[in-house]
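S.K.: The structure under discussion is supplied below as structure tokens; questions concerning it will follow.
The values are calculated or read from the model by the stated rules, or taken from the named source; none is laboratory data. Small disclaimer: the values here were computed from a predicted structure and weren't measured. Cβ coordinates were reconstructed from backbone atoms using ideal geometry, including for glycine residues, and neighbour counts include every protein chain displayed.
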Amino acid sequence: MEKQVSFTDIEYSHRKRKTKREEFLECMDEIIPWDEIVAIIEPYYYKNTRGRKAIPIEIMFRMYLLQRWYSLSDEALEDAIYDSYAMRKFMHIDFLEESVPDATTLCKFRKLIVDNGIDKLFFDSVQKFMEENGYIMRGGTIVDATIIDAPKSTKNEAQERDPEMHQAKKGNQWYFGAKLHVGVDAGSGLVHTIVTTAANVNDATVAYKLFREDDEVGYGDSAYCALEKHDEIKNDPNLSKIDFRVNKQKPYRKFAWEEGPGTYWLRYMEYQKSRVRSKVEYVFHIVKDIFGFRKTPYRGLRKLEAAGNVLFASANLYMIWKGRQNAAKYNAKNRLMA
């Protein structure tokens with residue numbers, strides 16, 4: 001979608017440097033397959049033949065992504081696009097010809113995304129893109145889960161908290177919300193499977209849904225101990241062949257064993273498992289720290305699942321872009337040293 005260069009674009013092009021927000025939005029604008037996304041949404045989009053012309057699908061989906069990436073309300077996002085040059089540039093909006101879609105329009109579009117499962121189609125399209133371009137290595141999966149907080153307030157019509165969420169204790173702290181369980185490719189660190197449950201669901205009971213049929217190795221933290229003994233895995237001809245390399249609960253830290261060569265070897269093996277397993281933590285860092293998705297503003301697991309699908313697909317694209325960027329810097333450094 002090409003737009004005519006405005007005076008604002010010319011003015012901003014003379015800045016000394018770009019902001020991190022602008023660099024991030026430019027990378028996502030470059031890497032997302034927009035034509036494919038528009039084709040996915042088009043069958044579900046409004047087909048009004050009378051009255052005002054519908055806003056283009058690509059503009060609405062760009063606005064929806066901005067809301068997910070920056071955790072803004074409908075009204076706050078509308079104001080932010082008017083205020084931010086980087087966001088306006090990402091939206092491809094020329095204020096001389098058009099205005100930013102209002103908060104009500106965005107709310108209706110978000111409902112269309114959730115009701116028709118377009119978030120899952122978006123995640124699948126990113127998976128297809130990664131498979132076709134060789135970013136997924138296969139052979140092994142890392143499983144883990146993270147808690148997303150939900151509003152605890154009972155100041156609503158029903159005077160109760162979200163019935164689909166639940167409280168759970170992690171360490172010495174209680175949480176109320178849901179869990180996002182993910183399966184990450186052990187080679188590339190990219191997410192290939194997501195499952196959403198209430199926060200009180202045990203990690204190990206959902207793990208069998210996160211592995212692929214061709215996986216040969218499985219990694220996880222101590223929450224996944226004795227994973228091979230679960231019926232869903234024992235009775236599956238593919239999953240039962242997986243070599244589970246799960247971190248132990250570290251009894252040697254409690255001085256249950258005497259120090260010696262065996263203990264040193266155990267520490268070394270646990271360290272090697274953790275080196276691979278830690279890749280999943282970077283994915284959670286992107287979603288919770290960079291995208292700011294630590295608490296869901298919506299009620300119901302379905303809306304949370306939709307946000308998770310879009311954010312983890314975006315995290316995959318972000319990691320691919322960072323990999324390209326690092327490779328370019330490495331090649332430039334080698335050319336200088338040659």
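S.K.: Give me the pairs: first residue in segment 277-306 and touching a residue at least 24 places away in the same chain (Cβ under 8 Å) and at negative phi, second residue surrounded by fewer than 20 Cβ atoms within 10 Å (Cβ to Cβ) and aromatic (Phe, Trp, Tyr), beta-carbon distance under 9 Å, and six or more apart or on different chains, which are they?
M.R.: Once the first residue is touching a residue at least 24 places away in the same chain (Cβ under 8 Å) and at negative phi and sits in segment 277-306, its partners that are surrounded by fewer than 20 Cβ atoms within 10 Å (Cβ to Cβ) and aromatic (Phe, Trp, Tyr) give Ile290/Phe24; Phe291/Tyr70; Leu304/Tyr298; Ala306/Tyr298.
S.K.: Is at least one residue of segment 209-232 within 21 Å of the chain's Cα centre (by Cα) and either under 21 Å from Arg302 (Cβ atoms) or not assigned by TED's automatic domain parsing to the domain that holds Val287 (or both)?
M.R.: Initial filter on segment 209-232 (within 21 Å of the chain's Cα centre (by Cα)): 209-212, 218-221.
After this cut, where a residue has to be either under 21 Å from Arg302 (Cβ atoms) or not assigned by TED's automatic domain parsing to the domain that holds Val287 (or both) as well, the list is 209-210.
So far as segment 209-232 goes, yes, one or more of its residues are within 21 Å of the chain's Cα centre (by Cα) and either under 21 Å from Arg302 (Cβ atoms) or not assigned by TED's automatic domain parsing to the domain that holds Val287 (or both).
S.K.: Considering only residues that are at pLDDT below 85 and among the hydrophobic types (A, V, I, L, M, F, W, C), which ones fall in segment 13-53?
M.R.: None - no residue of segment 13-53 is at pLDDT below 85 and among the hydrophobic types (A, V, I, L, M, F, W, C), so the list stays empty.
S.K.: Restricting to helices (runs of 4 or more DSSP H) lying wholly in segment 18-87: which have 3 or more residues that are over 23 Å from the mean Cα position of the chain (by Cα)?
M.R.: Numbers: elements: 20-31, 34-41, 57-70, 74-83.
Answer list for segment 18-87: 74-83.
S.K.: Please note which strands (runs of 3 or more DSSP E) are completely contained in segment 154-218 and include at least 3 residues that are buried (at least 16 other Cβ atoms within 10 Å of the Cβ). Reasoning before the result, please.
M.R.: Working: elements: 166-170, 173-185, 191-198.
Fully inside segment 154-218 and qualifying: 173-185, 191-198.
S.K.: Still on this structure, I have one more. Does segment 50-61 include one or more residues that are within 29 Å of Arg324 (Cα to Cα) and touching a residue at least 60 places away in the same chain (Cβ under 8 Å)?
M.R.: No, segment 50-61 contains no residue that is within 29 Å of Arg324 (Cα to Cα) and touching a residue at least 60 places away in the same chain (Cβ under 8 Å).
S.K.: Looking at segment 89-121 only, could you name the residues that are part of a helix (DSSP H, G or I), touching a helix residue (DSSP H, G or I) at 6+ places or on another chain (Cβ under 8 Å) and either free of Cβ contacts under 8 Å to residues at least 40 places away in the same chain or of a type in the set (A, V, I, L, M) (or both)?
M.R.: Within segment 89-121, Met91, Ala103, Thr104, Leu106, Cys107, Leu112, Ile113, Val114, Ile118, Leu121 qualify.
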